[in-house]
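A quick write-up on the structure given underneath.
The values are calculated or read from the model by the stated rules, or taken from the named source; none is laboratory data. It should be emphasised that the depicted structure is a prediction, and the values quoted were computed from it without experimental measurement. Cβ placement follows ideal geometry from the backbone for every residue including glycine, while neighbour counts extend to all protein chains displayed.
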Amino acid sequence: MIELGGNIKLVGFNELEPAKLIVVKKMVGNYARKIHDKVSPFEELSLHLKEVHSTENIKNKRYEIKGKLVINTNPYNAEILDYNLFFAIDKVLAAITDKQFSNMHKHQQYARLNPEQPEQPEQQQKAL
């Protein structure tokens, strides 16, 4: 397992070539920064790599990537199977962030429809 910054974990990536690992770290780091900028800091971002149907023929190698993002104890999961490692990582991270952002927007719309805060005294006086 590889840890990046304490709350980012890459499991199963130890077997990658060093050049590929550098690209993976940059991809994950960029997505982590986007998530951090749009919402409060996340508790955990983890990716699990598994090679599926791996043979000596490199063209038939498929990568299964499972991703998990935890924000405020809410897990967001995605799983992708692809022949290209980088496409798979991009797809799983995009899916996780899309789920999280859409969930965040649902909560914001609900908060606008059902405000929990009472009206300000000035607004109440104008209404009278």
**Asked** What number of residues within region 5-49 are among the basic types (K, R), modelled with pLDDT of 95 or more and within 21 Å of P75 (Cβ to Cβ)?
**Response** 1
**Message:** Can you list residue pairs whose Cβ atoms sit under 9 Å apart, with the first residue in region 30-41 being free of Cβ contacts under 8 Å to residues at least 60 places away in the same chain and the second being of a type in the set (G, A, S) and surrounded by fewer than 11 Cβ atoms within 10 Å (Cβ to Cβ)? Count only pairs 6 or more apart in sequence or on different chains.
**Reply:** A32/G5
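Looking at the structure I just gave you, is Q124 among the polar types (S, T, N, Q), crowded, with 17+ Cβ neighbours inside 10 Å and modelled with pLDDT under 90? Outline the logic, then answer.
Values: among the polar types (S, T, N, Q): yes; crowded, with 17+ Cβ neighbours inside 10 Å: no; modelled with pLDDT under 90: yes.
No: the conditions fail for Q124.
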